[in-house]
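The values are calculated or read from the model by the stated rules, or taken from the named source; none is laboratory data. All figures in this text were calculated on a predicted structure; none of them were measured in a lab. Note: ideal-geometry Cβ built from the backbone for every residue, glycine included; neighbour counts use all protein chains shown. Surface accessibility is based on the protein's heavy atoms, side chains included, excluding ligands, DNA and RNA. Shrake-Rupley method; radii C 1.70, N 1.55, O 1.52, S 1.80 Å.
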Amino acid sequence: MHPAIGRTTLPVVTSAAPPPACLSPASRPALDRPESGCPDSASPASCRPEPAQPAAAVQALIAAAIRLSEAVSALKFSAPVTHVYNPLRYAWAPHRAYLERYAARGLRAVFVGMNPGPFGMMQTGVPFGEVAAVRDWMGIEAPVAGVADAHPRRPIEGFACRRSEVSGRRLWGWAARRFGPPEVFFSQCFVLNYCPLVFLEASGRNFTPDRLPRLELAPLQAACDAHLREAVAALAPAWVIGVGGYARARIEAALAAGPARLVPRVDQILHPSPASPAANRGWEPAVDQQLERLGVFTA
C-alpha cells in the first residue's frame, strides 16, 4: 500500500507478488529474472522459437536490463509522484521477446526515448510499444502481470489495452512505412528507452523523470546511464539518436562518462508526442528530413 501523499518516500511498484529481497537473482521468479524460451501461455503464432545460443548482443542486453531493473527498483521517490511502475519486471516476458527477436550488433542507429508512456511500454514492455504495433507488426504478444496497488486511472491491461499511444503509433508507423517488414527495420535500427520507469501523480497524470528533485534524479540517472553505455557497447551502432532533447542530453552525458571506445555519433530527432505542435504538423516528413540531413542511412 502506498503511503499518504507527502515527503514520505515511495517504493517502485513491481508486481502483484514481488520476490522476497533475500532471494538471490538465480532463484527469483520469472517476473524478476527471465526464464529461457517463450512463456507457456503464449500462442505459437506470437512467440517464435528461441535460438539455442542467443547472440552475444542479446545476452548482453538481457543482462543489462536485469541489472537496470534491480537498480531502479531499489530507489525511492516522493510527492508529487505517488505511483511508480517498472515494466522491466511486470512486463518482462514481452520485453525479453523484443530483445531476443530484434536486437543485433553493428546497426546504423539506436533511437533512445525518455521513459515509458501510459499506453505504450507501460502496457507492453516494449519502448514506444503501442499494442497494435507490437502485436501486429512485430509479432510479439506475451503475458503481462498486474502491479500491486495500481493507480485506478492507470491500470495495467497489457495487450488488452484499447488506448492508443500516439507517440508509439507515429514512431512504429513511420518504421513500417519506411522499411516495410520489422526484420528490415531492425537489421539497421533498434529502439530503447533511457529510463524504464513510469511516474504518476495522484491525479494519474504522467510525471516525467527530468522533473524529479536532484537528490532523487541523480541515482536514477546513474543507473540509466550505466545501462545505456552497456546497450551501446552491445549494439555497436554508428549513431545514437535521442528522440527529443532530453534523451539526447542524457546520451551525451552517459557516453562522455564511459570508455573511449564508445564513439558513435550523437544527435536527435523531433519527439512524436501529440503535445508537440511541430510533431502534429507532420512528424514523419520532419524526421525523414532530419535523418537525411544527418546522413544516418547513407553509406
A 1.4 Å probe over the protein heavy atoms gives the stretch 56-152 a carbon and sulfur accessible-area percentage of 57
Placing +1 at every Lys and Arg Cβ and -1 at every Asp and Glu Cβ, with all other atoms neutral, what dipole size does the stretch 159-297 have around its Cα centre, in debye to the nearest 20?
260
Arrange the residues Ile241, Ile156 by how much accessible surface each exposes, largest first, with a 1.4 angstrom probe.
Ile156, Ile241
If you plug each phi of the stretch 155-167 into the Karplus form 6.51 cos²θ - 1.76 cosθ + 1.60 with θ = phi - 60°, what whole-Hz ³J(HN,Hα) values come out, in order, with x for Gly and Pro?
x, 8, 10, x, 6, 8, 5, 9, 7, 9, 8, 4, 4
Using the heavy atoms of the protein chains alone and a 1.4 angstrom probe, what is the accessible area of the stretch 69-149 per residue in square angstrom?
24
Can you compute the charge dipole magnitude of the stretch 118-201 about its Cα centre, using +1 on each Lys and Arg Cβ and -1 on each Asp and Glu Cβ, nothing else charged? Give it in debye, rounded to the nearest 20.
300
Probe radius 1.4 Å, ligands and nucleic acids ignored: give me the carbon and sulfur share of the accessible area of the stretch 212-278 as a rounded percent.
59
Could you pull out the trypsin sites (Lys or Arg not before Pro) across the stretch 105-156 that fall in loop regions by DSSP (anything but H, G, I, E, B) with no more than 12 other Cβ atoms inside 10 Å?
Arg153
So what are the ³J(HN,Hα) numbers for the stretch 206-217, from phi and the Karplus equation (6.51, -1.76, 1.60; θ = phi - 60°), rounded to whole Hz, Gly and Pro as x?
5, 10, 7, x, 5, 8, 5, x, 4, 5, 8, 6
For Ile140, what residues show an amide H to amide H distance below 5 Å, using hydrogens built from the backbone and excluding near sequence neighbours?
Arg135
Would you grab the residues whose amide H sits under 5 Å from the one on Asn193? Only those 5+ places off in sequence or on another chain, please, with H modelled 1.01 Å from N.
Gly113
With every protein chain kept in place and a 1.4 Å probe, the stretch 188-299 has an accessible area per residue in Å² of 42
Phi angles of the stretch 192-205, converted by Karplus (6.51 cos²θ - 1.76 cosθ + 1.60, θ = phi - 60°) into ³J(HN,Hα) in whole Hz with x for Gly and Pro, give 10, 10, 5, 10, x, 8, 9, 10, 10, 8, 4, 6, x, 5
